[in-house]
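The values are calculated or read from the model by the stated rules, or taken from the named source; none is laboratory data. Note that the structure is a prediction, hence the values are computed from the model and not measured. Quick reminder, even Gly has a Cβ in these numbers, built from the backbone with ideal geometry, and neighbours come from all protein chains shown. Please note that ligands, DNA and RNA were not included when accessible areas were found on the heavy atoms of the full protein model with its side chains. Shrake-Rupley method; radii C 1.70, N 1.55, O 1.52, S 1.80 Å.
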Amino acid sequence: MMDEHAIDGLLPVIPKGAFTFEVDASASTRWFGFLLLPEFTLLAFSSALDPLRIANQLAQRPIYGWRVFSEDGAAVISSSGIPVGVHAAFETAEKDLPIFVCSGNRWPKAANEKTLGQLRRRSRFGGVHGGICTGAATLARAGLLTGKRFTLHWENQPGFSELYPELQPTQNRVEVDGLLRTCGGGSAATEMMLAEIAKDHGSEFAILVADMCLNDPDLSGRRSQRSSIATAVATRNPKLVGVVQQMYRNIEDPLSLDDLVSDAGVSRRQMERLFQKHLGESPSSIYRDIRLERARSLLVETDQSVAEVAAATGFNSVGAFSKHYKTRYGTTPYGTRRNSQT
């Protein structure tokens with residue numbers, strides 16, 4: 001007799017572990033598919049897969065299952081030179097199986113025309129698709145990103161924008177737009193799957209999975225892929241880098257924009273243009289985000305009260321701090337504190 005949790009004869013993996021967490025016993029197994037393309041990023045793939053494995057381990061139930069595909073059913077060589085075996089060829093994937101496309105630096109031509117056609121056909125029949133690392137580029141080649149909010153790894157975004165000027169990826173680590181899920185790879189793939197786990201089984205369970213991954217328990221996916229200073233350094237503009245460094249050095253007692261530009265030896269208008277051109281935001285918005293990033297770290301890593309954190313990051317009132325914090329992270333400072341202590 002076929003096990004009700006199986007798909008195409010494949011059973012979910014349920015490892016043994018030291019800790020367990022009870023979930024709804026009536027929950028059916030949710031299956032995901034991963035399409036590995038040549039020279040895919042192994043880190044990004046495993047970062048998406050292992051939260052599902054850990055969820056099964058904690059629940060000691062088959063709440064998640066996964067099937068791994070390649071274009072021809074043969075093992076795929078990752079970007080690190082390690083071959084990874086798969087379950088089957090992509091053409092055998094069930095029509096209603098959500099598919100995450102995994103690729104790496106070879107993204108412009110990673111998928112063949114047959115695969116692109118298969119993705120298009122699946123989409124026409126309501127198929128759920130996702131992109132991990134540069135997987136969104138393959139979805140773009142298949143014509144599946146028009147009018148969609150999406151992301152891919154920041155390193156590959158300039159080249160992507162050259163090829164697809166009509167499509168604009170965001171700088172966020174994770175994006176969800178209807179049935180489309182994309183992430184920038186690495187630990188962002190874990191965050192994307194944690195959000196799915198939270199939706200299915202609650203935030204407490206997802207946070208426990210995050211802890212098992214030694215991952216940040218943020219489930220919002222709203223963070224940028226790169227810090228403000230890393231983005232500034234990448235511009236190679238010394239004046240811009242200098243101003244951002246000053247912002248990081250003056251968090252508790254923020255400097256005025258006039259003071260910042262005076263130290264940099266540029267005009268206020270010139271600096272505002274530099275920030276918009278290279279960072280996509282105004283200097284005040286970047287400065288506020290830097291302070292909010294520090295606040296979030298203090299909430300997670302220390303026992304300081306919310307009022308103390310607000311003061312330590314240059315906010316005049318808890319009310320103003322909470323408002324800006326919720327806008328950026330989708331939760332209040334108190335919510336972050338509760339989740340970090342769960």
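In the stretch 50-65, of all residues being open to solvent by 30 Å² or more (accessible area, probe 1.4 Å) and either in contact with a Leu (Cβ under 7 Å, 6 or more places away or on another chain) or part of a helix (DSSP H, G or I) (or both), the one that is farthest from Leu214 (Cα to Cα) corresponds to Arg53. Taking the stretch 1-55 as the search range and keeping residues that are more than 30 Å from Asn112 (Cβ to Cβ) and polar (S, T, N, Q), which one is farthest from the chain's Cα centre (by Cα)? Looking at residues that are more than 30 Å from Asn112 (Cβ to Cβ) and polar (S, T, N, Q), I get Ser26.
Number of residues in the stretch 123-143 that are of a type outside the set (S, T, N, Q) and open to solvent by less than 30 Å² (accessible area, probe 1.4 Å) equals 12. Restricting attention to the stretch 14-46 and to residues that are farther than 18 Å from Gly131 by Cα and among the polar types (S, T, N, Q), the residue that is least open to solvent (accessible area, probe 1.4 Å) turns out to be Thr29. The lone criterion from (1) closer than 25 Å to Ser187 by Cβ; (2) over 19 Å from the mean Cα position of the chain (by Cα) left unmet by Gly127 is number (1). The residues of the stretch 149-172 that are part of a loop (DSSP other than H, G, I, E, B) and either out of contact with any helix residue (DSSP H, G or I) (no Cβ under 8 Å at 6 or more places or on another chain) or at pLDDT 90 or above (or both), listed by number, are Arg149, Phe150, Thr151, Leu152, His153, Tyr164, Pro165, Glu166, Leu167, Gln168, Pro169, Thr170. Taken over the stretch 95-124, the criterion of being under 20 Å from the mean Cα position of the chain (by Cα) and either of a type in the set (A, V, I, L, M, F, W, C) or closer than 18 Å to Met192 by Cα (or both) is satisfied by Pro98, Ile99, Phe100, Val101, Cys102, Ser103, Gly104, Trp107. Of the residues screened, Thr146 is one that is surrounded by fewer than 19 Cβ atoms within 10 Å (Cβ to Cβ), polar (S, T, N, Q) and not in a helix (DSSP H, G or I). Scanning the stretch 66-91 for residues that are open to solvent by less than 70 Å² (accessible area, probe 1.4 Å) and under 20 Å from Pro12 (Cβ atoms) yields Trp66, Arg67, Val68, Phe69, Val84, Gly85, Val86, Ala88.
Condition (residue is outside any helix (DSSP H, G or I) and either touching a Lys or Arg at 6+ places or on another chain (Cβ under 9 Å) or of a type in the set (A, V, I, L, M) (or both)) applied to the stretch 188-203: is it met by at least one residue? Scanning the stretch 188-203 turns up no residue that is outside any helix (DSSP H, G or I) and either touching a Lys or Arg at 6+ places or on another chain (Cβ under 9 Å) or of a type in the set (A, V, I, L, M) (or both).
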